[in-house]
1. Please enumerate the residues belonging to the range 87-134 that are closer than 18 Å to Pro71 by Cβ and within 11 Å of the chain's Cα centre (by Cα).
2. In the range 191-221, what count of residues is obtained for those that are out of contact with any Asp or Glu (no Cβ under 9 Å at 6 or more places or on another chain) and either of a type in the set (Gly, Ala, Ser) or without any contact (Cβ under 8 Å) to a residue 40 or more places away in the chain (or both)?
3. Which residues, counting only those in the range 210-246, are within 25 Å of Asp60 (Cβ to Cβ), of a type outside the set (A, V, I, L, M) and assigned to a loop (DSSP other than H, G, I, E, B)?
4. If a residue has to be touching a residue at least 40 places away in the same chain (Cβ under 8 Å), assigned to a helix (DSSP H, G or I) and surrounded by 14 or more Cβ atoms within 10 Å (Cβ to Cβ) to count, how many in the range 247-275 make the cut?
5. Which one of Arg158, Arg176 is within 23 Å of Gly97 (Cα to Cα), touching a residue at least 60 places away in the same chain (Cβ under 8 Å) and among the basic types (Lys, Arg)?
6. Can you find a residue in the range 164-176 that is part of a loop (DSSP other than H, G, I, E, B), touching an Asp or Glu at 6+ places or on another chain (Cβ under 8 Å) and among the hydrophobic types (A, V, I, L, M, F, W, C)?
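Where a number appears in this text, it was derived from the coordinates with a stated rule and is not lab data. Computed from a predicted model, the values in this text were never measured in an experiment. Don't worry about glycine lacking a Cβ; one is built from the backbone with ideal geometry, like all the others, and counts go over all protein chains shown.
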Amino acid sequence: MSDTVRIEPRVWIVWLLLWAGTLLAAEREELVRRGEKLFALAGCGNCHTAEGGLPLAGGDPLKTPFGTFYPPNITPDPQLGIGNFSEEDFIRALREGISPSGQPYYPAFPFTSYTRMKVQDVRAIRAYLDTFPPVSRKSRAHELRFPFNLRAGLWVWRWLFFKPERFRPDSFRSERWNLGAYLVEAVGHCGECHTPRNFFGALEKSRAYSGAVLGEIRAPNITPDPDYGIGEWSEEDLVYFFKTGIKPDGDTASGEMAKVIRTGTSKLSEEELRAIVEYLKSLPPIAAEP
């Protein structure tokens, strides 16, 4: 008589399903963890959460020369948030600047930088956003002056100033430099604040990172210029600043940059911070102040 134990096929099926479910849960958990870090660096919470308000239920007003923008509710609420966005809708919104209904977003939403993000990173951010509780709160309409209140004009703006693109590593640069470029240019969208804009609100790329004033926000020159930028800051100075908000002279970051550090760069690894510094240090110096 054979001592071989015979396992019923249905037992194997149950075991395989449990194993597959465990793998999927682990993958999902890892995706959410990555999304949490990207979410922090991308500044989603800073913009879409009002002071003292519920997380992601709508942000404080953003006053600009074009009028006042009100960051919308991006909680998973299906009616008043983004809970009814499909994954494709979300990817298109971030990388193309187009809503699920086919309408263009205003470039106050930095899709002009997020367009460079890797699709897997956009999916990770969405996975993390889905962990927030839905909030049934209606987003406030923007209050813009003419002609910027005409959303149809955004199609002309896009034709003139926006071309969807993806980040492409520079094979002549180091792996660390390319990581820094991706974090600065795409996810962190640093140029959206630190680059001056023209009359139509498009970034003046010839003066990238030379500092800008947009409404109540004054962002300094962060090129390596020794007089107007960060040329005198060492690598250690910059890494410490991005961790703590403390400058080489002992002063501290304030306003929006304080938020960026507290909720974003302070959460990055040493490697990621040094990659950002290497990229910033490689920018062409521009002797200008905002």
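1. Result: Leu94, Phe109, Pro110, Phe111, Thr112, Ser113, Tyr114, Ile125.
2. The total comes to 9.
3. Within the range 210-246, Gly211, Gly215, Glu216, Pro220, Gly245 meet the criteria.
4. Step one: filter the range 247-275 for residues touching a residue at least 40 places away in the same chain (Cβ under 8 Å), giving 256, 259-260, 263-265, 267-268, 271-272, 274-275.
Among the residues that remain, those that are also assigned to a helix (DSSP H, G or I) are: 256, 259-260, 263, 265, 267, 271-272, 274-275.
Those still in the list that are surrounded by 14 or more Cβ atoms within 10 Å (Cβ to Cβ) too: 256, 259-260, 263, 265, 267, 272, 274-275.
Count: 9.
5. Answer to the check: Arg158.
6. The answer is yes; a qualifying residue exists.
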